[in-house]
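Data block below; observations after.
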Amino acid sequence: MKKRIIALIISSISFILLIIFLSLLLGEQFKIESCGCPKMVSQNFIILFITLSIIFIGGLVYFLLSLQINKKEKIINKNMEILYSILDNDEKNLLEFLIKNNGKINQKDLSTKIGKLKAHRTIKKLKQKKIIEITKYGKNNLVKLKRELKQELIK
């Protein structure tokens, strides 16, 4: 949020300076002089003009892109709130275990923490809701978050 405001302020200041320098340049170009010789625009003025233009455009693009990212983050957060609201306490606990263990956990390890039957039932419910996937890992099952959820929950 602060970065976006700072980018907007810097972009606004560069735009104001850009307008001032452009008006100075145009004011010098339209002066009528008696000698009739062409005026040369100094190289420093051109470099400053280009630099201010780049700063203005860069700041504006950063501001607009950060607005889009902010909207997407709000949508994701709202979807995660909805997801948590449809889960019961056991499912939330299992989801928290998965998040703490980088999105995957052995069913055996989970069974020792919450009990075999409770772990089995909770895993079955989450699989039906398509939140997790189960893969065979030797004699044990490996419980993993779906890839899309893992990207959003584990940051």
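Quick note: the coordinates plus some simple rules give every number you see, no bench work behind them. What you see is a predicted model, and the numbers here were worked out from it, not measured in a lab. Cβ sites come from the backbone with ideal geometry, for glycine too, and all protein chains shown count toward neighbours.
Under 10 Å, Cα contacts only: if you run a Gaussian network model on the chain, which one of ILE131, ILE75, ILE47 comes out with the highest mean-square fluctuation?
Between ILE131, ILE75, ILE47, it is ILE47 that shows the largest mean-square fluctuation.
Just one of [x] -0.24; [y] -0.27; [z] -0.50 is log10 I(q)/I(0) by the Debye sum over Cα atoms at q = 0.08 Å⁻¹ calculated from these coordinates, so which is it?
Label [z] holds the value from this structure.
Based solely on its DSSP helices, what 222 nm [θ] is calculated for the chain when runs of n ≥ 4 H residues each add -39,500 (n - 2.57) and the sum is averaged over all residues, nearest 500 deg cm²/dmol?
Working: 6 runs with 112 residues, N = 155.
One gets -24500 deg cm²/dmol as the mean residue ellipticity at 222 nm.
So how far apart, in nm, are the two label points at LYS92 and LYS118 if each is 7 Å from Cα heading toward Cβ?
For the pair LYS92/LYS118, the computed spacing is 1.5 nm.
Report the full-extension gain for the segment ASP109 to GLU73: residue separation times 0.36 nm, less the Cα-Cα distance, to one decimal in nm.
Stretched out fully, the ASP109 to GLU73 stretch lengthens by 9.7 nm.
If the elastic network links every pair of Cα atoms under 10 Å, which of ASN93, ASN106, ASN44 fluctuates the most in the Gaussian network model of the chain?
Highest fluctuation of the listed residues: ASN44.
Compute the long axis of helix 2-29 from its Cα atoms, compare it with the longest principal axis of the Cα atoms of the chain, and write down the angle in degrees, 0 to 90, nearest 10.
20 degrees
What residues have an amide H closer than 5 Å to that of ASN141, excluding those fewer than 5 places away on the same chain, when H is modeled at 1.01 Å from N in the peptide plane?
Result for ASN141 returns GLN107, LYS108.
So what's the angle, to the nearest 10 degrees on a 0 to 90 scale, between helix 89-100 and the longest Cα principal axis of the chain?
Between the helix axis and the principal axis of the chain, the angle is about 60 degrees.
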